[in-house]
1. Apply 1/(1 + (r/R0)^6) to the Cβ-Cβ distance of residue 109 and residue 31, taking R0 = 35 Å, and write down the FRET efficiency to the nearest 0.05.
2. Can you give me the Cα centroid spacing of region 163-221 and region 96-110 in angstrom?
3. Quick check on the chain: helices-only [θ] at 222 nm, where DSSP H runs of length 4 and up contribute -39,500 (n - 2.57) each and the sum goes over total residues. Nearest 500, please.
4. Considering all projection directions equally, how large on average is the shadow of the alpha-carbon convex hull of region 5-97, in square nanometres?
């Protein structure tokens, strides 16, 4: 009972930090963003460490990558955006390893079909931002393909297992690709903060859903 209180307290603090960061976006308070945005991933890591007895080191590594990316994104310059994208790429590659470790086997035909909706989203985003991001088009496409692979694996795993854990990972991947698509459109097409609140909200939801997935898997083990 005592441990559950600590977990609930840590989760509450996580959502307060996320809410304060999003409030910083809404009210254009940069100081709030500088303070709270870098705390989101470390706080989620603390929530996870409090929640489990056996730590999945890969998940902790993924959260470290997301922390580094979040910190770099505090600077809106394109010079910081690309390295941040690199750390997010490493985060998604780590999540891919986590998902594949959860899969017993896979059929390439089904996996290819599961990837179609995500590839359609990627093509749409690339076309939409093409004229504004020609210089960075290749790394954006590579990044987008990795995100699509992660989403397709999560979707396929859910279709095969239909378990509570696989559903959480699938929903997490859905919110991640939604966040990424809006972020790309905002950065290279809108070039303002019109979608910043939605980008951050979907990002936080995605990260929390994957945390819940990790907890579910720990309970099964």
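None of the figures in this text is laboratory data; all of them are computed from the coordinates on show. For clarity, every value in this text was computed on a predicted model and none was experimentally measured. We place every Cβ from the backbone using ideal geometry, glycine too, and count neighbours over all the protein chains shown.
1. The pair residue 109/residue 31 has a calculated efficiency of 0.10.
2. 20 Å
3. Value at 222 nm, helices only: -28000 deg cm²/dmol.
4. Over every viewing direction, the Cα hull of region 5-97 projects on average to 6.3 nm².
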